[in-house]
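Enquirer: Right, I'll just put the structure down here and ask away after.
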Amino acid sequence: MASAESGKITGLLRAWGNGDEEARDLLAAKVYAELHHIARRYMKNERADHTLQTTALVNEVYLRLVDVHNVSWEQRSQFFAICAQMMRRILVDAARARGSNKRGGGVVRVTVDDELPVLSPEGDASILALHDALEALSLVAPRQAKVVELRYFGGLSVEETVELMKISERTVMRDWDFARAWLMRELSK
C-alpha cells in the first residue's frame with residue numbers, strides 16, 4: 001500500500017480513536033478491500049459447505065470494531081493485526097461450535113509457508129490445531145507467537161511486522177523461522 005494511503009488510514013484511525021464516528025465510517029470504506037482479502041485467505045481453507053462467508057466474516061469484524069472504544073490506534077499495521085486476530089477468533093469459535101474437534105480424528109496437516117500460508121482442507125480441525133499450537137507457543141515464546149500471528153493471520157509483511165513490534169528485520173526473520181519449526185513439530189505430534 002502506498003505510504004500516502006497508509007498515512008490517510010493512520011490519520012483516520014487516530015481520529016476514530018479520539019471519538020470521531022465519521023472517521024470510523026470513512027476508515028471502513030478505505031480498508032474494506034484489504035479486510036476482504038485477509039478474510040478470503042482464511043475462508044479458502046474452510047469446508048466448502050461452511051456457513052460463514054467471506055463478506056460475513058468481514059462484517060462480523062466490523063460489528064466488533066464498532067464497539068471498540070478508547071483505543072490508541074498507532075498505525076495501519078496495528079489495526080490490521082487486530083482485525084486478523086478477530087477473524088481468527090471468529091473462525092475458531094465457529095469451528096468449536098460445530099464440534100469438529102470431536103469428529104476430526106487423525107493427523108492434521110498445516111503448512112506455515114513464507115510465501116503463501118495455507119491451512120489444509122481439513123478446515124475446522126486444522127484451524128483449531130494451529131490455534132492450540134499457537135497458544136502453546138505463546139506460553140514459551142510470546143514474541144515469536146506474535147510474529148506468527150501478525151505475519152500468518154494478519155498477512156503483514158516483514159517490514160510492517162518490524163514497524164509494529166519495534167524489533168529488527170533480522171529478529172523478525174529469526175523469530176519467524178523458530179516459530180515455524182516449533183509449530184510444525186507440535187502439529188506433527
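Enquirer: Return the residues of the range 127-155 that are among the β-branched types (V, I, T) and at pLDDT below 95; say none if nothing qualifies.
Expert: I127, V147, V148
The rows are residues; the columns are (1) small (G, A, S); (2) buried (at least 16 other Cβ atoms within 10 Å of the Cβ); (3) outside any loop (DSSP other than H, G, I, E, B); (4) modelled with pLDDT under 80.
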| residue | (1), (2), (3), (4) |
| --- | --- |
| G11 | yes, no, yes, no |
| A23 | yes, yes, yes, no |
| A29 | yes, no, yes, no |
| E34 | no, yes, yes, no |
| R41 | no, yes, yes, yes |
| N45 | no, yes, no, yes |
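Enquirer: Among (1) free of Cβ contacts under 8 Å to residues at least 24 places away in the same chain; (2) touching a Phe, Trp or Tyr at 6+ places or on another chain (Cβ under 6 Å), where does G154 come up short?
Expert: Result: G154 fails condition (1) only.
Enquirer: Conditions: (1) surrounded by fewer than 15 Cβ atoms within 10 Å (Cβ to Cβ); (2) touching a helix residue (DSSP H, G or I) at 6+ places or on another chain (Cβ under 7 Å); (3) modelled with pLDDT under 90. K189 meets all but one. Number of the miss?
Expert: Here K189 clears every test but (2).
The values are calculated or read from the model by the stated rules, or taken from the named source; none is laboratory data. These figures come from a predicted structure and were not determined experimentally. Cβ atoms come from the backbone with ideal geometry, glycine included; neighbour counts cover every protein chain shown.
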